[in-house]
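Below is one structure, written out as C-alpha cells; comments come after it.
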Amino acid sequence: MNRILFCHLPVIVLFAAVACSRPTPSLEGLDAAAWKADRHACQGIRAAGIAALQEQKKGFLGLSEMQIVSVFGAPDRNELYKRNQKFYYYDLQPSTDCPHATLAPLALVIRFNAMGLAKEISIE
C-alpha cells in the first residue's frame, strides 16, 4: 500500500498544485508588450500606467515569481534578502540607466516570501 502511494505521490502533488493555483491576472488598461519593452522606464510608457497599477496591485498578491514575470516581464533589478526573501523592482519613471533620468524615480516593488509568492506590492 505504501509503495503505491509513494509511486503516485508526484502525480498527486502536481494535481494539487494545479487545482489550487489561480489564473494569472493581466495588466488591465495597459499594453503589456509596451510595458515589458520599456526597460528602466526610459520611454515613459510605464509612468502613464501608475494609476492603473495602484488600483490593480492587490490582485497580484499571492502570485508566484514565474507568474509575476509573465505579467510584468523581467525585473529591472532584483535583490536577495534574508530568509530567502526576494525583491523585484520595476522602474516606473526613468531611472539612472536612462539618458534623461528622474532624480528620485518611482518603482513598483514586489516582495516575495521564502515560498516564492508575492507577499507585498508597493509603489515607492
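Computed from the coordinates by the stated procedures, all read-outs in this text should not be read as laboratory data. This is a predicted model, so every value here is computed, not measured. Methodologically, a virtual Cβ is constructed for each residue, glycine included, from the backbone with ideal geometry; neighbour enumeration extends over all protein chains shown.
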Apply the Karplus curve 6.51 cos²θ - 1.76 cosθ + 1.60, θ = phi - 60°, to the phi angles in region 65-77 and return the couplings in whole Hz, x for Gly and Pro. 4, 5, 5, 4, 5, 5, 7, 9, x, 5, x, 5, 8
Low-density loop cleavage sites - chymotrypsin sites (Phe, Trp or Tyr not before Pro) in region 55-121, where at most 15 other Cβ are within 10 Å (DSSP): Tyr81
Simple SL model, points at 7 angstrom along Cα→Cβ for Glu79 and Ala48; separation in nm is 3.0
Whole-Hz ³J(HN,Hα) for each residue in region 45-56, computed from phi via Karplus 6.51 cos²θ - 1.76 cosθ + 1.60 with θ = phi - 60°, x for glycine and proline: what do you get? 5, 5, 4, 5, x, 4, 4, 5, 5, 4, 6, 9
